[in-house]
Amino acid sequence: MRIFMFLIVSFFMSFANEILDENSLSPQEQKYIKFDQNCTKGDSWSCSEIGMTHYKQGELIPAYVYFDKACKIEFGVGCELKAFVLTTYESYDEAFDIFKKACDNNSSYSCLNLAKLYDDGNGVDKNTSKATELYLKACKLGENGACHMLNLR
């Protein structure tokens, strides 16, 4: 965890001395800065948008940081995306807690991911019947990937 925090701090410190002239920035860069400013002001959607930008570029650490900010502002999607990144780092216990809470609140995406954890035995004891139950719930909530998993059983 210390290494992870070090990487996060290092990432943000690398930008600390950079002075940006807004006129020289591309529209995409200006949009990023605006989202970052809004995120800093507590706009969880903006935090998630920046997180997705980093995630799509394969930058998982900054993606995690912004998803975590969105989650702390009580944005459910931000929490789910944070949990998904955690599974990439095999931090299954924390991801499990997030997916469980969201699934209990009828998030199809979280139910699907929780089912996968049970199916693979990641962060929990392997339990295919519990996985099937969660795939069914996710499918009923409209998650097509869960319906596909049920068809494979």
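The values are calculated or read from the model by the stated rules, or taken from the named source; none is laboratory data. Computed from a prediction, not measured in an experiment: that's the story for all the values here. With ideal geometry, Cβ positions are generated from the backbone for all residues, glycine too; neighbour counts draw on all protein chains shown.
What the table below lists for this structure:
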| quantity | calculated |
| --- | --- |
| Condition met for ASN105 (of a type in the set (S, T, N, Q), outside the structural domain of ASP43 (by TED's automatic domain parsing) and out of contact with any helix residue (DSSP H, G or I) (no Cβ under 6 Å at 6 or more places or on another chain)) | yes |
| Answer residue from the stretch 74-105, given it is among the aromatic types (Phe, Trp, Tyr) and assigned to a loop (DSSP other than H, G, I, E, B) and is modelled with the lowest pLDDT among those | PHE75 |
| Of all residues making up the stretch 81-121, the number that are acidic (Asp, Glu) and within 21 Å of GLU59 (Cβ to Cβ) | 2 |
| Evaluation of HIS54 against (1) buried (at least 22 other Cβ atoms within 10 Å of the Cβ); (2) touching a Pro at 6+ places or on another chain (Cβ under 6 Å) (one fails), failing number | (1) |
| Residue identified as over 30 Å from GLU29 (Cα atoms) and free of Cβ contacts under 8 Å to residues at least 24 places away in the same chain among SER91, SER108 | SER91 |
| Among (1) over 23 Å from LEU60 (Cα atoms); (2) surrounded by 15 or more Cβ atoms within 10 Å (Cβ to Cβ); (3) charged (D, E, K, R), the one test that ARG153 misses | (2) |
| Long-range neighbours under 6 Å by Cβ, at least six apart or interchain, first residue in the same structural domain as PHE99 (by TED's automatic domain parsing) and modelled with pLDDT of 95 or more within the stretch 131-150, second of a type in the set (S, T, N, Q) and crowded, with 17+ Cβ neighbours inside 10 Å | ALA138/SER108; LEU141/SER108; GLY142/SER108; GLU143/SER108 |
| Which listed residue, of ASN122, ASN127, ASN113, is crowded, with 20+ Cβ neighbours inside 10 Å and of a type in the set (S, T, N, Q) | ASN113 |
| Selection status of LYS116, within 30 Å of ASP36 (Cβ to Cβ), not aliphatic (A, V, I, L, M) and not assigned by TED's automatic domain parsing to the domain that holds THR40 | no |
| Which listed residue is more than 28 Å from ARG153 (Cβ to Cβ) and of a type in the set (Asp, Glu), from GLU133, GLU49, GLU80 | GLU49 |
| Selection within the stretch 44-73 - without any contact (Cβ under 8 Å) to a residue 24 or more places away in the chain and either aliphatic (A, V, I, L, M) or part of a helix (DSSP H, G or I) (or both) | SER46, GLU49, ILE50, THR53, HIS54, LYS56, ALA63, PHE67, ASP68, LYS72 |
